[in-house]
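The next block holds one structure in the form of C-alpha cells; read it before the comments.
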Amino acid sequence: MAPFERRSAFAPTDPAVYYDLFEPAGGTTRPTLVMVHGGGHSGACYIHTADGRPGWAPYFAGNGWRVAVPDWPGMGRSGAVPFDRLTGEVVCAALGAVVERLAPAVLMTHSMSGAYGWRLVERHGGAILAVVAVAPGPPGNVQPEAEVVARSADWVDVRRGDGVRRVPLHEPRLPDMDFVLGKLLGPTTRFPRDRVQAYAASLLPLPPRLMAERQNIDRSQLAVTDTAPFANKPVLMVTGSDDVDHSREVDGAVADWLREIGAAVEFRFLPDEGITGNGHMLMLEDNSDEIAALIAGWLGDQGW
C-alpha cells in the first residue's frame, strides 16, 4: 500500500459539509473517488472496518486514488440542520457542491444514499464520470409508493413485508438493536459478532423527512426526470448474498431501469463472483478488502 496523507476540510456550502480527504503522497492522475455513506451512519463507515482494519477510504488511497469522504449535511461532523429543513434535495444540493469542488469524480453511494446518487448524476452528470452503487436505494422511478395503513399528525404506519413500520414525521429515530440485527446485519456471516454492540453505539439518528422519503410515503422519494446525463454513464452495482432488503431481484430492478435509460451498468451480485455471506454493510465486514478489490478491478476496466 502506497503512502497517503489524510486531512479534513469543509465545503463552503449551505448547509456546510465536512469531509475527510485522503491523498496519495505522490499525487494521482485519477479522478477523485467520493464515498457517500448511508442512513444512520457518517463517513466513518468508510474509514475503519468493524474489526478495526483500514476501511475502503485508506484502501483506495493506498492504491493511488484521491478519496473524499463527506458526512451528509446535518449528520456527523457537518453540523446541525433543523429537521424541518433537511430533505433529500437539501442533502443532494450540498453534496453536489462537494462533487463539483472535487471534480472530475467517481461517485460511490451506499444504501439510502443510492437515491441521492441518481439525483447527483441528473444534476451534476458532467462532474461525475462513473458511479459505484453499493446495495443502493432505488429512485422514486422504481420504488413503489409506501402502503400506508394508518397515520396521524406525528407518524405514519407503512407496511413492510409481513410487518408494519412506524415512521415519525417530526422527530429523528436512532436505529435500535432490532433495526441493527434485522436490517443492517441480517443473516450475514461476515460481520464480527463481538463488534455488534460497538457498531450499534456508533449509529446516528435518522432525520424524519429523510426517513419518510426513503419509505416513499406519498411518493416523496427522489425521482429522476432528466435521464440524458445517464447516457453511457458507467455504473457498477454491488449487492451481497445476505442483504435482507437488497435481493438479486430488488437491486436487479434498479439495474434494469438504468439500462433502460441508457447507462452502461454492470450488476455484480456477489455470490456470482464466488463471494458469499455478506449482508448490508459490505465495507465493514471481514472480507471488505476482497470487495474493494472487485470494485478497484472494475474501475481499472474503465481506464483508471
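Each value in this text was obtained by applying a stated rule to the coordinates, not by laboratory testing. All values reported here derive from a predicted model rather than from experimental measurement. Every residue, glycine among them, receives a Cβ derived from its backbone with ideal geometry; neighbour counts consider all protein chains shown.
For the chain, rounded, prolate or oblate, judged on the Cα gyration tensor with a ≥ b ≥ c (square roots of eigenvalues), a/c < 1.5 rounded, else prolate if a/b > b/c?
On the way: a/c = 1.32, a/b = 1.26, b/c = 1.05.
The shape class here is rounded.
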Study note, to complete from the structure: Across all Cα atoms of segment 119-219, Rg and the largest Cα-Cα distance (Dmax), in Å, are 16.2, 44
Study note, to complete from the structure: Of the candidates Val121, Gly52, Thr13, the farthest towards the positive dipole end of segment 1-157 (Lys/Arg Cβ +1, Asp/Glu Cβ -1, centred on the Cα centre) is Gly52
Revision key, fill the gap. Contact order relative to length for the chain, counting C-alpha pairs under 8 Å separated by 6 or more residues, stands in percent at 19 percent
Study note, to complete from the structure: Among Trp298, Gly240, Thr189, the residue whose Cα sits farthest towards the positive end of the charge dipole of the chain (+1 at Cβ of Lys and Arg, -1 at Cβ of Asp and Glu, taken about the Cα centre) is Trp298
Practice item. State to the nearest 20 debye the size of the charge dipole of the chain about its Cα centre, where the only charges are +1 on K and R beta carbons and -1 on D and E beta carbons. Key: 540 debye
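With both bridge residues required to lie in the chain, what share of the DSSP beta bridges run antiparallel, to the nearest 5%? Please list the in-between numbers first.
On the way: 23 of 46 bridges.
Approximately 50 percent, going by the DSSP bridge assignments.
Note down the magnitude of the dipole of segment 204-304 about its Cα centre, charges +1 on Lys and Arg C-beta and -1 on Asp and Glu C-beta and zero elsewhere, to the nearest 20 debye.
460 debye
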Review point. Where the centroid of each part is defined by its Cα atoms, how far is segment 179-255 from segment 287-304 in Å?
Key: 20 Å
Review point. Tell me, what ³J(HN,Hα) does each residue in segment 37-45 have, in order and in whole Hz, if you take phi through Karplus 6.51 cos²θ - 1.76 cosθ + 1.60 with θ = phi - 60° and put x for Gly and Pro?
Key: 6, x, x, x, 10, 10, x, 4, 5
Check your understanding: Let a ≥ b ≥ c be the square roots of the eigenvalues of the Cα gyration tensor of segment 171-304; is it rounded (a/c under 1.5), or, if not, prolate (a/b larger than b/c) or oblate?
Key -> oblate
